[in-house]
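The values are calculated or read from the model by the stated rules, or taken from the named source; none is laboratory data. The shown structure was predicted, so the numbers you read here are calculated from the model rather than taken from an experiment. We place every Cβ from the backbone using ideal geometry, glycine too, and count neighbours over all the protein chains shown. The accessibility values were calculated without ligands, DNA or RNA, using every heavy atom of the protein model including side chains. Shrake-Rupley method; radii C 1.70, N 1.55, O 1.52, S 1.80 Å.
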Amino acid sequence: MQVSVDRDRCCSSGMCVTNAPEVFEQDDRDALVRLRQTDLLPAQVDGVRLAAELCPGRAITVTEDEPARTGA
Ligand code: SF4
C-alpha cells in the first residue's frame, strides 16, 4: 500500500498527524501536510485509511500496490 497527499487541498487541520503520526507530519513553516514515508507497513494501513477518511480537505490518497507482472 502507498499513500500520497495533495498539499494544494490540505487545510492544515492536523487530523492526519493525530491518527498516524509515524506517516504524516506538518511543515513547520506553513503547517501543511508532509509525508514521512510513502510505502506503508501493514500495521500502518488502518491508521492511514482512517486519516484519509477524516481529512477535511480530502487531501490523502491510499493506493494498492501494483500486482507483480508475470511476463505472460
Ligand atoms: S488531515 Fe488533511 S487537511 Fe488536515 S493536515 Fe492532514 S492532509 Fe491536511
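Before moving on, here are some points about what is shown:
- Among residues of region 47-72 being small (Gly, Ala, Ser) and more than 18 Å from MET1 (Cβ to Cβ), the one that is least open to solvent (accessible area, probe 1.4 Å) is GLY57.
- The condition (being at pLDDT 95 or above and touching a Cys at 6+ places or on another chain (Cβ under 6 Å)) is satisfied by just one residue among VAL62, VAL23, VAL33: VAL33.
- Selection count, region 1-46, where residues are crowded, with 18+ Cβ neighbours inside 10 Å and either part of a strand (DSSP E or B) or more than 10 Å from the ligand (Cβ to nearest atom) (or both): 6
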